[in-house]
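Asker: Sharing a structure, written as structure tokens. Questions coming.
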Amino acid sequence: MAAAIISGENIVKYYGEEKILDIEEVVIEEGLVLALMGPNGSGKSTLIKILSQLEECKQSKIYFQGELVTAKNRLAVRRKIGFIWQDPLLYNTSVYENIALSLKFRDLSEEKINTKVGEALTRLNINKLANKNAKQLSGGEKQKVSIARTLVAEPELIFIDEPNTSLDIDSINLVEEIIAEEVEKGVSVLVVTHNFYQAKSLADEVLVLKEGRLVDQDRPENLSIKEEGLLKYI
């Protein structure tokens, strides 16, 4: 078994009196693509927020590359994790500035930032959008800017929430190519998806959540939408 890029123990989360998650242990291995599947309300987005320290879960223990995440190292861990959300949060400024923002927090030179942002714009085929206000873009364009903003920071782990949202077929293919390229570089990727066939084509492993519990984790070829009705999970 490969080393874990991130893992969690005793992930129990309530919203009010409703239990959202009840997971004894979850492990994401380094350098793999994992697909996280489950019906709406099964806790998928909450799980990735807890693993990435975007949401608190006091009794859980989260480990990044084998080290327990604490208040002392939390910021450093967050900076190694990238997110591509279903509904991207973009700032009311240019596409260039949106992509450059995380690099400015890392105290890089303007020359280095310009080079890295230019590379990200080219990779996502959105150079022509660089000077446009991000708030005025279409849904698909916003998603591409979100992807570029994530990649420019060179994360070691990327969480992707429903990558097909707002994207046309060419853009979906581009995202899937980028996932493959990132994994080739050693980056770990977890994709939240309802598309079993996308999971089967992309993922090394599929994790299935149902009613807040991790009910299965296996290679996609060992899961079938016909066996035990996997469709009931998605």
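Just so you know, all these numbers are worked out from the coordinates, no wet-lab data involved. Predicted model only: the values in this text are computed from it and were never measured. Every residue, glycine as well, gets a Cβ built from its backbone with ideal geometry; the counts of neighbours run over all protein chains shown.
Asker: Sum up the charges of everything whose Cβ sits under 15 Å from the Cβ of L21, counting Lys and Arg as +1 and Asp and Glu as -1, but leave L21 out.
Answerer: In short, -1.
Asker: Listing L129, L54 from the residue with the fewest other Cβ atoms within 10 Å to the one with the most, what is the order? Walk me through the numbers before you get to the answer.
Answerer: Numbers: L129 21, L54 14.
The most exposed by this proxy come first: L54, L129.
Asker: To continue, here is another question. Figure the gain on full extension for Y14 and Q59 (residue separation times 0.36 nm, minus the Cα-Cα span) and round it to one decimal in nm.
Answerer: Value of the extension gain: 15.0 nm.
Asker: If you work out Rg and Dmax of the Cα atoms in Å from the coordinates, which of (i) 16.7, 52; (ii) 17.8, 55; (iii) 18.3, 76 do you get?
Answerer: (ii)
Asker: Among 30-36, 84-90, what's the highest-first ranking by average C-beta atoms within 10 angstrom per residue?
Answerer: My ranking of the peptides, most packed first, is 30-36, 84-90.
Asker: Next question, about the same structure. Would you mind checking the tilt of helix 139-152 against the longest principal axis of the Cα atoms of the chain, expressed as 0 to 90 degrees and rounded to 10?
Answerer: Helix 139-152 and the main axis of the chain meet at about 90 degrees.
Asker: Using only Cα atoms, tell me the angle between helix 95-104 and the longest principal axis of the chain; keep it within 0 to 90° and round to the nearest 10.
Answerer: Tilt of helix 95-104: around 70 degrees.
Asker: By counting other Cβ atoms within 10 Å of each Cβ, how are Y63, Y91 ranked from fewest to most?
Answerer: In increasing order of surrounding Cβ atoms, one gets Y91, Y63.
Asker: Would you calculate a helix-derived [θ] at 222 nm for the chain, using -39,500 (n - 2.57) for each DSSP H run of n ≥ 4 and dividing by the full residue count, to the nearest 500?
Answerer: That comes out to -9500 deg cm²/dmol.
Asker: Below 11 angstrom from the Cβ of L174, what's the summed charge of the other residues (Lys, Arg +1; Asp, Glu -1)? Walk me through the intermediate numbers first.
Answerer: Working: positive: R123, K144; negative: D168, D170, E176, E177, E181.
Local charge sum for L174: -3.
Asker: For the stretch 85-154, what relative contact order do you get, as a whole percent, if you take Cα pairs closer than 8 Å and at least 6 residues apart?
Answerer: Relative CO of the stretch 85-154 lands at 51 percent.
Asker: Please give the length that would be gained between K132 and D107 if that part of the chain were fully extended, namely 0.36 nm times their separation in residues minus their C-alpha to C-alpha distance (nm, one decimal).
Answerer: Length difference between fully extended and current span is 6.6 nm.
Asker: For the stretch 37-86 and the stretch 1-36, what is the separation of their Cα centres, given in Å?
Answerer: 8
Asker: Compute the acute angle (0 to 90°) between the alpha-carbon long axis of helix 169-184 and the principal axis of greatest extent of the alpha-carbon atoms of the chain; round to the nearest 10°.
Answerer: Result, in degrees: 80.
Asker: Quick one: net charge around A3, please, counting Lys, Arg +1 and Asp, Glu -1 for every other residue with C-beta under 11 Å from its C-beta.
Answerer: That works out to -2.
Asker: Something else now. What order do you get for T46, T70 when you list them from fewest to most C-beta neighbours inside 10 Å? The partial results should precede the final answer.
Answerer: Numbers: T46 20, T70 10.
Fewest-to-most Cβ neighbours within 10 Å comes out as T70, T46.
Asker: Let me have the relative contact order for the chain, percent, based on Cα pairs under 8 Å that are six or more residues apart.
Answerer: This gives 29 percent for the chain.
Asker: Then there's this: Taking the mean number of other Cβ atoms within 10 Å as a proxy for protection, how do you rank 188-201, 92-105 from highest to lowest?
Answerer: Most protected by this proxy first, the peptides run 188-201, 92-105.
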